[in-house]
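The block underneath contains the structure these notes are about, expressed in structure tokens.
The values are calculated or read from the model by the stated rules, or taken from the named source; none is laboratory data. Model, not experiment: these values are computed from the prediction. Every residue, glycine among them, receives a Cβ derived from its backbone with ideal geometry; neighbour counts consider all protein chains shown. In case anyone asks, the SASA skips ligands and DNA or RNA and just uses the protein heavy atoms, side chains included. Shrake-Rupley method; radii C 1.70, N 1.55, O 1.52, S 1.80 Å.
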Amino acid sequence: MSSRSVFGLVISLSIFLLVHGFSSVEYGEALNKSLLYFEAQRSGKLPPNQRVQWRGDSGLQDGRDAGVDLVGGYYDAGDNVKFGFPMAFTVTMLSWSTIDFEAHLTAKKQLSNALQAIKWGTDYLIKAHPQPNVLYGEVGDGDSDHQCWQRPEDMTTPRTSYKIDDQHPGSDLAAETAAAFAAASIAFRPTDSIYASQLLNHAKQLYDFARNHQGLYQNSIPAAGKFYSSSGFEDELLWAAAWLHRATGNQTYVDFLGGSGNTGGTRSMFSWDDKFVGVHVLAAKLVLEGKVGSSGNWGQYKSQAEQFICSCLQKGNSNFKKSPGGLLWFQPWNNLQYTATAAFIATVYSDYLTAKKGSIQCLGGIVQPSELIAFAQSQVDYILGENPKKMSYMNQPNPNVLYGAVVGGPDENDGYTDSRSNFQQAEPATVNTAPLVGVLARLA
């Protein structure tokens, strides 16, 4: 994560007061702005229908040093670096949002925008995967980039390209990108079956690459590890298998999930680094639908998914911390990323339970699907302004407005310092906004 605000603009975000209080929270407007945010984060040659007009073309020589076209993709946060690991997670979460809430997005006339947000990422990831066992995982240099405050249109810092291959593996990066491709293939299948098939082929190749050539990606791309170091790759392998099974129905991927020696245990967060909660929820969905049994690994996956949710709702045996104002608080750095993913998990699982007339047995009592939605809504409302400071942590006025940007957010006591140098709290990132797309679509 960078130490500067987005594109050198005043995106530390001068917070504004919500005049009308809770009743004025407009989920549909927030949904629209959350998707606009991804247009503002675009790298490359911008299309004629670009809605964020203050952005221009940038990074048009990316990949030239390696003889590969790496133009496109997303700038990660407040910098001009393209980090493949969080970018792939962003695409996976945008795709999951689009798959599960397609009807809601359609009703709000946002499905096309959601698919375009995904495609801007997958088009780049296709370029970054020129051979089955080659994947480019970073363009740019974080150290020099973070020392120089420039618009991407004007940047003069090095645009070095970094890759993993069979001699320099990165199972976490390859498997996360496989998950992104597999999830995106499902999202595109109803409208563009040819593109969906192309994405699925890349997903299968990268999954095999990740399994056959194992290792942590930061050992192969140390430059990325300084900013997005992976804690392991077992979660990404399971995550990729879960998405490939959902995309293909192939028993091979179910067997891998069912036979894993590590289901992850009960987790304390869901993030760009730790995908186990996502695995648990996707596996629990299969259990609820009767597509797999409820014993062994499958029972563990479902139990672990529900224990995480119980802890979010303060009804578990190890409840997550909440601020006095009611915000789930996980850590000082970019906390709203983890709040957003927790809200997303509660939202999708509520629908999975509703479809099967199910509920969760927490330590603190039985939890109905409606309680999960109420929890997710409470977290979104806090982000949008229903908090002790009456501040929105999403959309604020600036000379160049970065609509839909979600900053790191307040501390454990609801405190927030609006300063460009306060990058722990004030910097937005694509991984913050992507999970909220689905929650906002469901609430709108």
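Okay, residues lined up against (1) touching a His at 6+ places or on another chain (Cβ under 7 Å); (2) open to solvent by 70 Å² or more (accessible area, probe 1.4 Å); (3) among the small types (Gly, Ala, Ser):
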| position | (1), (2), (3) |
| --- | --- |
| THR106 | no, yes, no |
| LEU111 | no, no, no |
| LEU115 | no, no, no |
| LYS119 | no, no, no |
| ALA128 | no, no, yes |
| GLU138 | no, no, no |
| GLU153 | no, no, no |
| THR156 | no, yes, no |
| LYS163 | no, yes, no |
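Filter segment 25-45 for residues that are surrounded by fewer than 18 Cβ atoms within 10 Å (Cβ to Cβ) and part of a loop (DSSP other than H, G, I, E, B); which is modelled with the highest pLDDT? Once the filter is applied, the top-ranked residue is LYS45.
Each residue in segment 165-185 was checked for being closer than 22 Å to PHE270 by Cα and either surrounded by fewer than 23 Cβ atoms within 10 Å (Cβ to Cβ) or of a type in the set (Gly, Ala, Ser) (or both), and 10 of them qualify. Take the conditions (1) closer than 21 Å to PHE101 by Cβ; (2) among the aromatic types (Phe, Trp, Tyr); (3) modelled with pLDDT under 95; TYR228 misses just one of them, which is (1).
Are there any helices (runs of 4 or more DSSP H) wholly within segment 367-444 with 1 or more residues that are closer than 20 Å to SER323 by Cα and at pLDDT 70 or above, and if so which?
Values: elements: 369-384, 423-426, 430-443.
Here the list reads 369-384, 430-443.
Of all the residues in segment 273-292, those that are outside any helix (DSSP H, G or I) and surrounded by 24 or more Cβ atoms within 10 Å (Cβ to Cβ) number 1. Residues of segment 305-318 that are in a helix (DSSP H, G or I) and open to solvent by 20 Å² or more (accessible area, probe 1.4 Å): GLU306, GLN307.
So, in segment 51-98, of the ones that are more than 14 Å from the chain's Cα centre (by Cα) and part of a helix (DSSP H, G or I), which residue ends up surrounded by the most Cβ atoms within 10 Å (Cβ to Cβ)? Walk me through how you get there before you give the answer.
The initial filter retains those residues of segment 51-98 that are more than 14 Å from the chain's Cα centre (by Cα), namely 51-73, 78-82.
Checking the rest, the ones that are also part of a helix (DSSP H, G or I) come to 64-66.
Numbers: ARG64: 13, ASP65: 13, ALA66: 16.
Residue satisfying both the conditions and the ranking: ALA66.
Scanning segment 223-234 for residues that are within 27 Å of LEU313 (Cβ to Cβ) and open to solvent by less than 10 Å² (accessible area, probe 1.4 Å) yields no hits at all. Can you list residue pairs whose Cβ atoms sit under 6 Å apart, with the first residue in segment 252-265 being in a loop (DSSP other than H, G, I, E, B) and the second being of a type in the set (Phe, Trp, Tyr)? Count only pairs 6 or more apart in sequence or on different chains. Matching pairs, first to second residue: THR263/TYR301; GLY264/PHE276. Kindly indicate whether THR191 is in a helix (DSSP H, G or I) and either out of contact with any strand residue (DSSP E or B) (no Cβ under 9 Å at 6 or more places or on another chain) or at positive phi (or both). In short, no.
Selection over segment 319-360 of residues that are buried (at least 20 other Cβ atoms within 10 Å of the Cβ) and either out of contact with any helix residue (DSSP H, G or I) (no Cβ under 9 Å at 6 or more places or on another chain) or part of a helix (DSSP H, G or I) (or both) gives a count of 18. Taken together, the residues in segment 243-272 that are open to solvent by less than 30 Å² (accessible area, probe 1.4 Å), within 16 Å of PHE344 (Cα to Cα) and among the polar types (S, T, N, Q) amount to 1.
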